[in-house]
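J.: Handing you a structure now.
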Amino acid sequence: QAQLVESGGGLVQAGGSLRLSCAASGSIIMINVMGWYRQAPGKQRELVAQITSGGITNYADSVKGRITISRDNAKKTVYLQMNSLKPEDTAVYYCAAGPTGPFYWGQGTQVTVSS
């Protein structure tokens, strides 16, 4: 069974850090692009960052300089290092992967940043 399994969410104070991980397992193939999206209450899901198997990255303007995406192709795992977190970063964070964009989705992990 193909799945993306996320971990690392939680509660942190403003200015703190969290590291999210997402591992692809099962029959997942062709995951050239892996990324993270987030959805805050009452808002649409938005791209946070994505990375290709060759290491090309793309970030939302709101997170540039604070959040870093990386991946381990051998482990089919993508990471999201989040620093200098703000209350507006509070959301459910979803891992996504696919040949050119999000095709597979994780179940989501809650990130809450208190002020």
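The values are calculated or read from the model by the stated rules, or taken from the named source; none is laboratory data. Small disclaimer: the values here were computed from a predicted structure and weren't measured. Ideal geometry is used to build each Cβ from the backbone, glycine not excepted, and the neighbour counts take in all protein chains shown. Just so you know, the surface numbers come from the protein's heavy atoms only, side chains and all, with ligands and any DNA or RNA stripped out. Shrake-Rupley method; radii C 1.70, N 1.55, O 1.52, S 1.80 Å.
J.: When you go through Asn32, Asn83 one by one, which is the residue that is surrounded by fewer than 17 Cβ atoms within 10 Å (Cβ to Cβ) and modelled with pLDDT of 95 or more? Before the answer, list the steps.
T.: On the way: Asn32 fails: modelled with pLDDT of 95 or more.
Exactly one of Asn32, Asn83 is surrounded by fewer than 17 Cβ atoms within 10 Å (Cβ to Cβ) and modelled with pLDDT of 95 or more, namely Asn83.
J.: From the list Val78, Val92, Val5, which one is touching an Asp or Glu at 6+ places or on another chain (Cβ under 9 Å) and touching a residue at least 40 places away in the same chain (Cβ under 8 Å)? Steps first, please.
T.: Details: Val92 fails: touching an Asp or Glu at 6+ places or on another chain (Cβ under 9 Å); Val5 fails: touching an Asp or Glu at 6+ places or on another chain (Cβ under 9 Å).
Unique residue meeting the criteria: Val78.
J.: Which of the residues belonging to the range 35-80 are in a loop (DSSP other than H, G, I, E, B), open to solvent by 50 Å² or more (accessible area, probe 1.4 Å) and closer than 19 Å to Gln110 by Cβ?
T.: Pro41, Gly42, Lys43, Gln44, Arg45
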